[in-house]
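Single-structure report; data block below.
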Amino acid sequence: MSQEENSLPASTCPHCGAMDQEMGAVCEGCGRLFAEGIPDYAQRMPRRGLFGRQGLIFMTQNKWLLIVLIVITAGALVWHNYHIVPNPVSLVKNRPTTDLTSQSEPGQWAMASANYERTSYVPNPPSLPQGNLLWSSEEGLIDSQSLPAIVDNTIYVGSRFEFMALDASTGEQRWLREMRGLINSSPAVAGDYVYVGSTDTEVWAFDKNTGDTRWTFPTGNYISSAPLVANGFLFIGSGDQRMYALDAATGRKFWEYRTGELITTPPSLHNGVLYFTSQDDSLYSVNYRTGEGRMQFRTRGTASFEPPVISHGLAYMSSSNDILTAKAGIRETPGRWSRERIWRILWVRWGSPIPTPPPQQGTNWRWSPQDGAFITSSPAITEDTLYVGDSEGVLRAMEPTTPEELWAFQAEGAIRGSPVVAGDMVYFATLEGMVYAVNRVTRQEEWSLSLGSPVMLSLALAEGKLFVRTEDGRIHAIG
């Protein structure tokens, strides 16, 4: 065979246009294979788009597998970090045996601050007190920080190594339980149960009529947090740094959520989200059914026994003697806090070359009185107004979504506890032992009453009576 017969035909490269290229060899111009027998349209088809020739127009098995893998990975990351869809396994497992609730009915005060959101607001009370002292208990009856719950004309309250039920009409004792610890926890009443925590590290459930023990649940440290009962779930915090969700009928644990420090404040609940603060200076929010975390909002300090109040799309807290608000219901972007913390450190260290870091996710506003007074309690909040007292004895009415003061009332003595709002009236007490009723429409005092001993805790309103705990250990009923 001649040399000409052995040589491959020469032609023009279809890829780059280089001439005199050998068929079946690599083009000297573009380095791509100049193959024989491949149609011109196939040789000229560019490799562009997603995953190869013509993107997704021509799908292959490998392309489909890669796309499915990406979708599954992205979905898993979103589910793990944002919990947009609650864990279905937890939803099935965490099913209470009852639908018990401690939300107060008209005429009752079934839990601290009256309702799930802890607003201390009773919009339509059946009747209101007129400033008459009906009865006072014996001195020293109550020696703790426990606030009374009032249901069916019965007061439930804790003391030092005692938990008791009193007649709300007379103050006489109905039953008494000796306890192994101090009861700083404020009880919650749901159905035939009354729940409370103790410094003996136990959560206790009693029969509200007899005081008999229904069940107990052990935690790892003392309990000062007040319980909340919703849809058969009981929520309570402990000094072991955990918030617990229990079956209100049996005490069986559904979930626990760990924070960085003690939990001594009551939790709040709104739209299926549980809010609570910890002594690690943070506000937490979790899914109430599953305990899956949504947000950790860092503060400069939170009051030890004051709950977050949820209203107007905000969470209100007593923080470092101010009122601090954070946006409720949001989900914290994973890793954002760590990134912004490093950003702030660099910004403080080097200044102007570093852009100013953004505010913490969820930040809304912080407010403190201009006269140097300080605030130690959670506010009471209605549809249109926020009410809070300060250390100078000023009751302030404010616009709830902006720190704008609407009006103020000067009382005698510092105000330490949260006010109670019922209908058109605002009730509060002072360290001078004075109890006030101020009409929030006319902004005038309706009546006041001296109890002769400082009042440091919040009030309770039920059965048309105002129940006040004074520092001499008495409970007073004002009708």
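The values are calculated or read from the model by the stated rules, or taken from the named source; none is laboratory data. These numbers were taken from a predicted model, which means no experiment stands behind them. Glycine also receives a Cβ, built like all others from the backbone with ideal geometry; neighbour counts cover every protein chain displayed.
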ask   = Picking from Ala168, Ala149, Ala226, which residue would you name as being touching a Leu at 6+ places or on another chain (Cβ under 8 Å) and either among the charged types (D, E, K, R) or modelled with pLDDT of 95 or more (or both)?
value = Ala226
inquiry  = Can you pull out every residue in the stretch 124-150 that is on the phi > 0 side of the Ramachandran plot and loosely packed, with under 12 Cβ neighbours inside 10 Å?
reply    = Gly140
task = With respect to Phe428, determine if the residue is in contact (Cβ under 8 Å) with a residue 24 or more places away in the chain, out of contact with any helix residue (DSSP H, G or I) (no Cβ under 8 Å at 6 or more places or on another chain), of a type outside the set (Lys, Arg) and more than 27 Å from Gly464 (Cα to Cα).
result = no
ask   = Just for the stretch 416-448: of the residues that are outside any strand (DSSP E or B) and touching an Asp or Glu at 6+ places or on another chain (Cβ under 8 Å), which one is nearest to Ser458 (Cα to Cα)?
value = Ser418
request  = Looking only at the stretch 268-291, decide whether some residue is touching a helix residue (DSSP H, G or I) at 6+ places or on another chain (Cβ under 9 Å), on the phi > 0 side of the Ramachandran plot and either in contact (Cβ under 8 Å) with a residue 40 or more places away in the chain or surrounded by fewer than 24 Cβ atoms within 10 Å (Cβ to Cβ) (or both).
outcome  = yes
key: the stretch 126-170: number of residues that are part of a loop (DSSP other than H, G, I, E, B), farther than 27 Å from Glu446 by Cβ and in contact with a strand residue (DSSP E or B) (Cβ under 7 Å, 6 or more places away or on another chain)   = 5
message = Of the residues Ala245, Ala249, Ala326, only one is within 24 Å of Ala397 (Cα to Cα), in contact (Cβ under 8 Å) with a residue 40 or more places away in the chain and of a type in the set (A, V, I, L, M, F, W, C); which?
response = Ala326
message = When you check Thr98 against the structure, is it farther than 26 Å from Asp207 by Cβ and in a loop (DSSP other than H, G, I, E, B), yes or no?
response = no
Number of the condition not met by Arg341 [criteria: (1) assigned to a loop (DSSP other than H, G, I, E, B); (2) among the charged types (D, E, K, R); (3) over 30 Å from Val420 (Cα atoms); (4) over 19 Å from the mean Cα position of the chain (by Cα)] = (1)
key: Yes/no for Phe254 being under 26 Å from Thr199 (Cβ atoms), crowded, with 16+ Cβ neighbours inside 10 Å and over 16 Å from the mean Cα position of the chain (by Cα)   = yes
query = Out of all the residues in the stretch 218-246, which are part of a strand (DSSP E or B) and surrounded by fewer than 21 Cβ atoms within 10 Å (Cβ to Cβ)?
reply = Pro218, Arg242
note = Selection from the stretch 347-400 of residues touching a strand residue (DSSP E or B) at 6+ places or on another chain (Cβ under 7 Å), more than 22 Å from Ala114 (Cα to Cα) and of a type in the set (A, V, I, L, M) yields Ala373, Val394
key: Close pairs (7 angstrom Cβ cut-off, 6 or more residues apart or separate chains): outside the structural domain of Arg118 (by TED's automatic domain parsing) in the stretch 93-105, crowded, with 16+ Cβ neighbours inside 10 Å and basic (Lys, Arg) anywhere   = Asn94/Arg289
note = Residues of the stretch 115-151 being closer than 20 Å to Thr170 by Cα, among the β-branched types (Val, Ile, Thr) and in contact with a Phe, Trp or Tyr (Cβ under 9 Å, 6 or more places away or on another chain), in sequence order, are Ile150, Val151
